[in-house]
Structures are given as C-alpha cells and as structure tokens.
Amino acid sequence: MIDRFTSQIRRTLPLLALMVILAACSQYSSRPGAITFHNVAARYNAYFMAEQNMLDAEFEMKKAYKENYNQLLPILLPMDSVLAQAQKAKLQDVIKKASIVAEKHQNSKWIDNSYILLGKSRLYLGEWADGLEALRYVYANGHDETDKNNALIVLMRAYIEHKDYSNALGVAEYLSQQPLSKGSQRDFYLTKAYLHQQNGEYLTAAAILEETFPLLKKSTETARLHFSAAQMYDRLGQYALANKHYKSVNKNKPNYDLGFYSAMNSLQNEVVLNPQRDLSNVGFEKMLRDRKNDDLKDRVYFTMGLLAEHKKQIPEAVSYLQKAAAASKGNMQQKAYTYLQLARIEYESRENFESSKAYYDSALAILPREAPEYRLVADRKRALDNFVTQYTIVSAEDSLQRLAKMNPAALDNKIDAIIEAQEKKRLEEEENARKAQILAQNANMQQGGGNPLVNGAERRWELYDPALVNKGKIDFKRAWGNRPLEDDWRRSSRPLRSLAGNNAGATDSTSVAQVPTENTGLKKGTAEWDQIHALLKKNVPLADTAFAASQKKKEDALYNLGKIYRFDLKESNRAIVSFERVLSEYPNTQYKDEIYYLLFLSNEDNTAKKEAWKSRLLGEYPNSTYARLVNKSTDTGGTSGNATKEYEGMYKLYAEGNYTKALEDIEKNLPSYKGSSMEDKFSLLRVFLIGKVRGKEAYAQAITEFMRLYPTSIYLPRLKEMQEFNSVSMGNR
C-alpha cells in the first residue's frame, strides 16, 4: 500500500514541478525568473525575426530608390508606400512577429521595441493612422526612456512625411530637452535636419548636419549626407562651404554616381567662385574623355551649358546643351531637363519664341506624367502655344503693312528679291542634305552595313527624335502656314508671315513669307515665278478695307499678347510694353479702359505709375466697371463691411453645395479686393471651390498659386498642409 502511494507521488512530482515552472513563467508575472524567460524568448524568437525582416526590407527599398541628382537629395529617404509594395510580404511579417511579442510576452523588455517596429511597418505600408497609434502607445505606456524617445523620433518623421510640420516641430522641441543615447541623438539630429530641409529652411538643416557628422562613421550613407549638405549650401550661395562637403563625399566611400556628381558640382562651384576660369581647362574635358563616364556625358555638357549661361556666353551655352541632348542615352529625365533649359534660354535670352515652344514640346513628350514638373511645364507650354500664335499675327501684319506702304515698283522689286533669296536658300539646303546623305552612306559602308540613320555618326531616324519632329513641324508652318490635309495643298492660298529674325536670306526685315519652289533653278520671268509673285502680292493689304482688317488683327493680337504676358507667363514688364504699344498705335482702341486697368495692376512695383494709370482711368472712364474695381481694390477701409457681407454670401453658397455659382461670383469679384485685407481670404475660398468644381489637378495648381501670391498670409500653414506637390528646380541648382 505504501509502495503504491510512493509510486503515485513519484509520477505526480514532475507534473507538479512543470506546473510550478509554468506558473512562475507567466507573461504577467513580475518574478525575475519569469521576466528573464520572456526576455530571452521574445528577443531570440519573434523580435529577432521581425528586426531582421525590417532591416532586409529597408535595405531593398534603399536599393530600389532612384536618386535624382538634379534635385536636392532628401536627408532621409521618404516613407513611400509605392516603393514599399515590393517589400509588402516582409513588412506584413514584421507586423505579425511584433504582434506575437505584444500578445505572449507582456512582461518582456522588448515589447516597446516591437511596437516601434510594428508602427514603422504600418507607416511604410501607408497605414498612417495605425502606425501613429502604435508609436503613441510606446510614448504613453513604454517602460524604457530610450525606447520612448526612439518612438518619438519615428513619430516626428511620420509627421514630416505628411507635411505636418507644426506637430513635428513640437515633438522636436520635446526631444531636445531629453537626455538621449548616442544612437538616439544621431537619429534625432538627422530627423530634425530633414524637417527643416523639407520646410525649406536650408541654413538650419545644414547647421544641424554639421553637428551630426562627428557622430557618423565613414559610409556611403555619410557620403550622401555630405552631398545633401553641399547642395543646401549651393542654394544658399555659400559655394566655398559647399565645396568643402563635396570634397568630403570622396572621403566617405561614395558609389560611382555620387562621386561623379560631387566632383562635377565642385568644378562648377570653382567656376562660379572664379569667373575668369575658362570652361575648357577646369576639368570637364577630362571627365568627358573618361570612358567610365560615357553614360554621364549628357550631365557634364548640361553643367557646362549652365556655366556658360552664367558667364553670359549664350551661343556657347546653347551649343553645350544641344550636345547634352545628343549625348543622352536612356536618361530621359536628364534629356527633359536639357530641353527645358534650352526652351528657357531661347525664350528669355534670344527671344526666339518658336524654338522655345519646340523645346517645351520635346520636354513634355518625354517627361513622365507623374514627374512633379509635368503640370507646370504643360501649363507653360499651353501659354506659349497661344503666345506664339498671337506673336506670329503681330509680326506678319507688321510686315504686310510695311509692304503695303511701298510704291508699286518698289513692292514688285521687294517680292522678286524675296523669291530670289528663298530660291537660293532652298538650293543650298538641298545641296547640304545631299552631301550629308552621301557622307552617312559612306560611313555606313565603312562600318560594314546597317542603317545609316541609326548607326552612322550617332544619327537617329527623325521620327524617333521628338526635337526633330517638332522642328520639322515648325519649319513646315513657317513655309506653308496651317494647312489642312488635302490634295494639291501647295496650290492653296496661304497667310503670309514675317521673316524678321527668321529668314537669313532676306534683304531686310520687311520680308513676308518663305515661298516653296520645287524646280531647280527657278528663273525670273517664267510662268511659275509670276505665279508665286502674284500669290505673295495678293496677300499684301493694298486696299483700304484690307489694310483696316490687318490693323484690327494686329490690335487684337497685341492686346492678347499683353494678357498672356500678365496672367499666363507672369511677366508684368513685358505686359506693360505690349499694352502701351496698343495705346500708342491705336489711340481709339476699344480696349482702352481695360488696358488702363491692366496697366494699373501690372505696375505693382512702381507706385507713381500705378497712381497715374488709376487717375487716367477714373478721369476718362469714371463710370466703367474697371473704375469701380480700382476704387474697391484701393479702398481697404470703407469697403470692409461690404467685403465681409459679400464673403458671407459666397461662403453660404459654398456651404449649401452651390459650388459653381460661388466660384463664378468669387472670380468675378476677386479683382475688386486686390490689395485689401480680405484678399487672401477670398482667394482661400476660391481654392476650396476650384477643388470642388474643376478637379484635383486644378486644385493642386490653385494651392501653389496661393502660396506664391500670398507668402505672408495667416492661412499659409493650412495651405502648406494641403499642397500635393513641390516646386520646380528645372534642373538648376
């Protein structure tokens, strides 16, 4: 009996011991043994696997991220949910493993770290609300101060990604008062520098980075941070400090592209600091000769073009930029930037508006729709399309009117001279084209065959090159005008165009249009010559009615040019010249009262002229709509009550959902409040209404316009939060 009892006790003891051990190792127990067990179980199981998956996912996202060295490199890589999609499985596994620690190891010291990993994973996946909640939980309930600070650093980064700079700055102020470990201090400095960089405060961001570099080891990431600091100093005009950091890039194990761009930017700054230096002996030629840089030659030529423009060497700048476009091999983004620079130079420096339009067309053809520059480039291109149309009308009618004032004999001689010059030019172009074709064929034969339009001398088939296609369109329109697709289109009559600045073969600026001649050696006195002569002469406004119609077309085009300058191209000075030309050449123009008002608005920086145009408007047209608008815009005191009532009425329409009517009212009345204390308030309501009526793209554009027009508005912080895209560098540093 005793033996049986003893044997039962022996069988029961291991089970009781196991039960005691399990009870002692409960995740809710505060005993040292239980805590040690759960610390080990959490650290070397679920948390270890979650941490490794996070490191792998971040490494792969960093590899997949494409740096754009034309723009400012962000100090921290953005938390891009699109980029994270390729790592979705790993990030979801991080969430799963981190959740195991939270569920089964409540008394472990790794629970705070697990919540941080969980929060970061959700932020990467775009689950912002859940990610922020996990990080806030660590701050509110965490047991370790270092873990709480690390959670706040990630939380601050999340606020930055959402452009919630006020909350991010609040977190930064709190962390600046806390004792931080060396690792936490490094991460905090980098995140705070990132905050100021994204907010456009480059001097503060660079100063914080200066304090961070002693905490960093030599690595590719450190080299990248030196490059970002140098770029910010470039934007501040501190080129010597920028070069100091460009040189530090090569001391910190950069990848090849990073080392190349830092060396090139450093050379660029040397030229800026010493304008007497010649571009040919700075070091660019050596970079071009290096075979390792074959796929980067376009960037070297691009930089040389920027420097040549900086030195006012416009022909050289255009030449370098054209070489950059020709050297682009697959880097369509860089090629687009090159075309944009050429478009800007042709417009601003050369005033060759048709070439500028062609380069904008080419840039838009290869620029990705998702690029931040796309919308602004598209708007600029549309404005320039309309501008070129109106400018062409003015040039053509100017030329035709000068011809109409000639005596008949002089007019006939002038037309004959035009035909003769164009015939000579046509023959020269045909001969040059024939020689080029022979050279290309010979080069192709020496290479053993192939397509000379693809291989010979780096040429491309014209239909594969957007720039050549657009140039061809412009040349066709210059010669033939806008022609419908029809048979015998050469025989149709066509409008004449000025060759001022375009026809190198003309004898003076009063030439009219280029004339197509197909027969080699067209001779004066032949039937074809006489036919072309008659066609040209037919378009000259010799009759009074025809001359009056030409004058009206020119008047309308000049007026439209002024409005395009003022509202689309944002060039008030050129708008003033165009409007004043209308008043000078057409004293009785039907647009006089409106032009007075537009001149009043355009002379923003000249108070005396602004008041002069206001006086003329009120004196000559006291009862006009524009006189009322001028009075309202300058009366900021007496009309404040009316402005408040009108605003309330428009806001009521907005609140009731009558968006279209509210937008019509506000756009009609907004000019009357220009300069008043409520102008930005009306404009803010207009932004909301545009979002309701005209869609997302127009809404984003309206936000950008508000931020540009009202940089000191009290509503600016709110608009910054709503902004959906950044401003454009257009390739300039």
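Read-outs: derived from the displayed coordinates by stated rules, not from any lab. Just so we're clear, the structure is a prediction, and the values are computed from it rather than from any experiment. So basically every Cβ, Gly included, is an ideal-geometry build from the backbone, and we count neighbours across all protein chains shown.
Just to check, using Stokes-Einstein with a Kirkwood Rh over alpha carbon pairs, what's the diffusion coefficient of region 207-352 at 10 °C and 1.306 mPa s in µm²/s?
Values: Rh = 16.1 Å.
Estimated diffusion coefficient is 99 µm²/s.
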Completion exercise
For K553, counting only aspartates and glutamates whose alpha-carbon sits under 16 Å away and dropping same-chain residues fewer than eight positions off, the answer is E397, D398, D544, E585
Problem - Rounded to the nearest 20 debye, dipole of region 103-249 from Cβ charges on Lys, Arg, Asp, Glu - result: 540 debye
Completion exercise
Excluding residues fewer than 8 positions from K251 in its own chain, the lysines with Cα under 29 Å of it are K62, K63, K66, K182, K192, K217, K218, K286, K292, K297
Practice task
Using all C-alpha to C-alpha distances in region 339-413, build P(r) with 10 Å bins and read off the rounded percent in each one.
Solution key: 19, 36, 21, 14, 8, 2
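Identify the GluC sites (Glu not before Pro) of region 522-618 meeting these criteria: DSSP loop state and at most 12 other C-beta atoms within 10 Å of the C-beta. Intermediate results must be reported in sequence, preceding the final value.
Values: sites: E528, E555, E571, E580, E585, E594, E604, E611; in loops: E571, E604.
Passing sites in region 522-618 are E604.
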Exercise for the section: Could you run the Karplus curve 6.51 cos²θ - 1.76 cosθ + 1.60 with θ = phi - 60° over region 207-216 and give me ³J(HN,Hα) per residue in whole Hz, x for Gly and Pro? Expected result: 5, 5, 4, 4, 6, 7, 4, x, 8, 9
Problem - region 569-583 - phi-based ³J(HN,Hα) in whole Hz, Karplus 6.51/-1.76/1.60, Gly and Pro as x - result: 8, 6, 10, 5, 5, 5, 4, 4, 4, 5, 5, 5, 5, 4, 5
Completion exercise
As straight-line cross-link partners of K323, the qualifying aspartates and glutamates (C-alpha separation under 15 Å, not fewer than 8 residues apart within one chain) are E285, D294, D295, D298, E309, E458, D465
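Can you pull the Kirkwood radius for region 284-384, inverse mean 1/r over Cα pairs, to one decimal in Å? Please list the in-between numbers first.
Values: mean 1/r = 0.0726 Å⁻¹.
For region 284-384, inverting the mean 1/r across all distinct Cα pairs yields 13.8 Å.
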